[in-house]
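Asks: Below is a structure I'd like to ask you about.
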Amino acid sequence: MLFSTGVEFRNKYVTQEEWPKLKPNKVQYPTGGLPIVSINGKRYYETMSTLRSLAMGIGVYETSDHKGCYVNDIIMDEYNNVFEKSGALIMAQNEEEKKIAFGNFLAAIDRILCIVKMNKVANKWKYAAGNEDLGTGDFCIAALYFNFAKNEAFEASMMVLPVFEKHVELADYYAILQKALRKYLKQRKTLPF
């Protein structure tokens, strides 16, 4: 979102190996979680609150469009649900639990795509929550698409991609996201998530 709107930022990646040493530092990580956004020395946390605040500040979350805000918020809530399901997958203790958790993860992705498709069709929108420009919901969908379905470093990408592809009505939408984020995708660090 920041890259596509021309906002300068520095992205600091924390590896799984680094995280246990960093997590106890409550000055740097007040909630013991990630992500953290630091602006002029002030730290912001909680993913969706931070996303919404940043988006409002740069004009990506237009508060005067109540319907668009509502749909963006639904997508952001469902985006969190996808990541809760991915956490359950990571924590699964055996193959049966992993299989169930992966099915729940895919179902959560399918649900968010159904919401996008339903609103795009019903409202004749170009984007997930409007016609004017990419919004927070679009960036959430892009994160799922490019990190889980179109990411060769993610070992299950070939099992996730069909969930996106079955929503054929969204094929043009995925192409819009690809075009809008092409420069960022070329320069970003490739990670398995």
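Asks: Go through (1) out of contact with any Phe, Trp or Tyr (no Cβ under 6 Å at 6 or more places or on another chain); (2) among the hydrophobic types (A, V, I, L, M, F, W, C); (3) closer than 30 Å to THR63 by Cβ and name the single condition CYS140 misses.
Replies: Only one criterion in (1) out of contact with any Phe, Trp or Tyr (no Cβ under 6 Å at 6 or more places or on another chain); (2) among the hydrophobic types (A, V, I, L, M, F, W, C); (3) closer than 30 Å to THR63 by Cβ is unmet by CYS140, namely (1).
Asks: Which pairs do you get when a residue that is within 30 Å of TYR173 (Cα to Cα) and in contact (Cβ under 8 Å) with a residue 12 or more places away in the chain, found in the stretch 90-118, comes within reach of a residue that is outside any loop (DSSP other than H, G, I, E, B) and polar (S, T, N, Q), reach meaning Cβ atoms under 7 angstrom, with the pair 6+ apart or on two chains?
Replies: PHE105/SER86; ALA108/ASN81
Asks: Suppose we keep only residues that are of a type outside the set (D, E, K, R) and more than 16 Å from LYS126 (Cα to Cα) within the stretch 62-75. Which one would you say is surrounded by the fewest Cβ atoms within 10 Å (Cβ to Cβ)?
Replies: SER64
Asks: Okay, moving on. Scan the stretch 64-92 for residues that are more than 18 Å from ALA107 (Cβ to Cβ) and either aromatic (Phe, Trp, Tyr) or outside any helix (DSSP H, G or I) (or both) and report the count.
Replies: 3
Asks: Please list, ordered by first then second residue, the pairs with beta carbon atoms under 6 Å, 6 or more apart or interchain, first in the stretch 1-28 and farther than 23 Å from LEU177 by Cα, second at pLDDT 80 or above and hydrophobic (A, V, I, L, M, F, W, C).
Replies: If the second residue must be at pLDDT 80 or above and hydrophobic (A, V, I, L, M, F, W, C), no pairs are left.
Asks: If you don't mind, there's one more thing I want to ask. Is it the case that the stretch 127-139 has a residue that's over 17 Å from the mean Cα position of the chain (by Cα) and not in a loop (DSSP other than H, G, I, E, B)?
Replies: yes
Asks: Shifting gears a bit: Among the residues of the stretch 126-166 satisfying the criterion of being surrounded by fewer than 19 Cβ atoms within 10 Å (Cβ to Cβ) and more than 21 Å from ASN104 (Cα to Cα), which is modelled with the highest pLDDT?
Replies: That would be LYS126.
Asks: Can you spot a residue in the stretch 83-96 that is farther than 26 Å from TYR29 by Cβ and either buried (at least 16 other Cβ atoms within 10 Å of the Cβ) or among the basic types (Lys, Arg) (or both)?
Replies: no
Asks: Any residue in the stretch 66-79 that is out of contact with any helix residue (DSSP H, G or I) (no Cβ under 7 Å at 6 or more places or on another chain), farther than 20 Å from SER49 by Cα and not basic (Lys, Arg)?
Replies: For the stretch 66-79, residues out of contact with any helix residue (DSSP H, G or I) (no Cβ under 7 Å at 6 or more places or on another chain), farther than 20 Å from SER49 by Cα and not basic (Lys, Arg): absent.
The values are calculated or read from the model by the stated rules, or taken from the named source; none is laboratory data. Source: prediction; values computed, not measured. Cβ sites come from the backbone with ideal geometry, for glycine too, and all protein chains shown count toward neighbours.
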